[in-house]
Amino acid sequence: MEEKSVDAAVDYISKLPEPILQKIMSSLLAKEAAQLSTLSKTCYSAWTSLSYLNFGYNFLYHKGDDDRWIQSENITELVNIVDQIIANRQQQKISVQKFWLTLPSSECTLPEAIFAAKHLNILDLRGFKLQLPPDGIKFSSLRMLHLSKALLGEHFIRVLCESCNDLEDLTLNECRGLFSLRITRTLRKLRRVGLTRLFELQMLNIVAPNLENTFIDITACKALKRLYLEGHVFQSTQP
C-alpha cells in the first residue's frame with residue numbers, strides 16, 4: 001500500500017501545470033529540481049526553463065559512510081556542469097534571475113556564462129576566483145550581490161560599479177586580493193553595504209547618496225589606513 005501511495009504522489013506531481021512545477025522547483029536545490037525533471041516531459045521542460053538556480057552548499061560534496069560531508073574530487077567537472085546548465089538557458093533565451101553556488105576554496109574561476117546573465121537579480125557566491133571575462137559584466141538588473149571567501153580585486157569592483165546601476169545590497173565577507181575598495185556615486189540605488197573580515201583592505205571609499213544601512217567590521221580590517229564615508233575622512237593612527 002505504501003508503494004502505491006508513493007507512485008500515486010509521483011504521478012500527481014508529474015501532471016501538474018508547468019508554471020506550478022516551476023514554482024515548486026524554484027524552492028528546491030538545483031540537484032533536487034533536476035531529479036524531479038525525470039518524472040515527465042512537463043517536469044523536464046519546467047527544469048530546463050527554470051530561472052532560479054540554487055546549487056546550495058552541498059553541490060560539490062557527497063556524504064561518506066559516516067554521514068559526514070566529503071569534498072568531491074573533481075571540482076572542475078562539477079563547475080563545468082554548472083556552466084553548461086547556464087549556457088543551455090542562454091541558448092534558449094531563458095533569463096537566469098537568481099543564482100547561488102558555493103565552492104570549497106577560491107581556486108576555481110566562476111563560469112563565464114554567468115556574467116552574461118543580463119536579467120540576474122540575485123548573485124550569492126562563496127569560494128570563487130572572480131576574473132572579468134573578455135566581454136565584461138552584463139549584470140544590468142543585479143540588485144543583490146553577496147560574495148564570501150572569494151578572490152577578487154579593485155578592478156573587478158570598479159567595473160561592477162560602472163555596470164550594475166540597480167545594485168541595492170552589497171556584502172563582501174572574507175574576500176582576498178582586495179587592497180582598495182571604491183564604491184562610487186554610480187550606485188545611486190545602493191542602500192546596504194556589509195564588509196566583514198577584509199584583512200588586506202588598506203583604503204575604503206564609499207560615496208552612495210541613498211545608503212541606509214552600513215556595517216563595516218573595522219576591527220578585522222587591520223591593514224586599513226584610510227576610510228572615507230560620504231564626506232567624512234578617517235585617518236588611521238597605526239604606524
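The values are calculated or read from the model by the stated rules, or taken from the named source; none is laboratory data. Predicted model, so just to flag it, every value in this text is computed and none were measured. FYI the Cβ positions are ideal-geometry reconstructions off the backbone, even for glycines, and counts take in every protein chain you see. For the accessible areas, the whole protein counts, side chains as well, though only heavy atoms, and no ligand, DNA or RNA atoms are used. Shrake-Rupley method; radii C 1.70, N 1.55, O 1.52, S 1.80 Å.
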Tally, over the range 175-200, of residues that are under 20 Å from the mean Cα position of the chain (by Cα) and within 18 Å of His155 (Cα to Cα):
9
Within the range 201-223, how many residues are within 19 Å of Arg158 (Cβ to Cβ) and assigned to a loop (DSSP other than H, G, I, E, B)?
6
Any chance you could count how many residues in the range 224-239 are in a loop (DSSP other than H, G, I, E, B), modelled with pLDDT of 70 or more and open to solvent by less than 50 Å² (accessible area, probe 1.4 Å)?
1
Only one of Phe139, Phe115, Phe99 is closer than 29 Å to Phe199 by Cβ, at pLDDT 80 or above, part of a helix (DSSP H, G or I) and of a type outside the set (Val, Ile, Thr), namely Phe115
Quick test for you: out of Thr219, Thr186, pick the one residue that is open to solvent by less than 70 Å² (accessible area, probe 1.4 Å) and hydroxyl-bearing (Ser, Thr, Tyr).
Thr186
Criterion (more than 24 Å from Met144 (Cα to Cα), in a loop (DSSP other than H, G, I, E, B), at pLDDT 85 or above and hydrophobic (A, V, I, L, M, F, W, C)) met by exactly one of Leu21, Leu50, Leu39, Leu28
Leu39
Just checking, how many residues over the range 31-56 are touching a strand residue (DSSP E or B) at 6+ places or on another chain (Cβ under 6 Å) and either open to solvent by less than 40 Å² (accessible area, probe 1.4 Å) or not polar (S, T, N, Q) (or both)?
3
Those strands (runs of 3 or more DSSP E) lying entirely in the range 148-200 with at least 2 residues farther than 17 Å from Ala220 by Cα and at pLDDT 90 or above
169-173
